Amino acid sequence: MSKNWSIRKRRPVRRKNIAPLLKELEKALKIDLSVDGAFLEMAEYGPWKMVFVDKIAKTVELNNDENERFVFLTLRGLLDYPDSAKWIEVDHGAIPFLMNGADCMVAGVQAADQDIVKGELVWIRDMTHKKPLAIGWSLLDGKEMTAATKGKGIKTLHWVGDELWEMEL
């Protein structure tokens, strides 16, 4: 990511104003989001729209190259929901490269959610601890991802240690 983006148009929002976004996220990731009683804010971060829960960036709304809208959890959001769908599991050899923002190569992929479709947002986790490492666009279907032996599997957008991960409000 490594861009000179800044937070703009930060404002408090009510749960009912972002309820459709949360429902879409719950359906896509097969989770139950609970933000009752939390302080909710929306802001723009470059071209992305974000929802902050108690001053921590938890969701991101962005468009792909075809201008299709996608809603996904940030890595901090995924820490709260480790059973979320749309995951890719990588071995320890891939972790240092992912921490530097590299795209994920299929050689490091050990397992994948079989429901992943090419072109959608996915999250990458380590195979031992199941912790989120990065988020990116899937370049292959889930089944193809585990079967392939060389090439790129995911175009990385957000990773542990980038500006969004380090962001504090």
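Laboratory data are not the source of any read-out in this text; all were calculated from the coordinates shown. Quick caveat, the model's predicted, so the values are computed rather than measured. Note that we place each Cβ from the backbone using ideal geometry, even for glycine, and neighbour counts take in every protein chain shown.
Structural remarks
- Nearest-20 debye value, region 39-138 charge dipole, Cβ charges on Lys, Arg, Asp, Glu: 260
- Checking the cross-link pairs 16/86; 27/55; 118/155; 23/155; 30/152 against a 19 Å limit on the alpha carbon distance flags 16/86; 27/55; 23/155; 30/152 as lying beyond it.
- Farthest positive-ward along region 54-124 dipole, Cα basis, beta-carbon charges - from 56, 109, 99: 56
- FRET efficiency estimate (nearest 0.05) - Cβ-Cβ, residue 19 to residue 114, R0 30 angstrom: 0.50
- Tilt relative to the chain, helix 15-29 - C-alpha long axis, 0 to 90 degrees, to 10: 10
- The modelled label-to-label distance for the pair residue 168/residue 79, using points 7 Å beyond Cα in the direction of Cβ, is 1.2 nm.
- Ratio of the Cα radius of gyration of region 7-166 to 2.2 N^0.38 Å, where N counts its residues: 1.01
- Distances between every pair of Cα atoms in region 71-127, grouped in 10 Å steps from 0 to the bin holding the largest one, split as 22, 56, 22 percent.
- Electrostatic dipole magnitude of the chain [Cβ: Lys, Arg +1; Asp, Glu -1; Cα centre; debye, to 20]: 480
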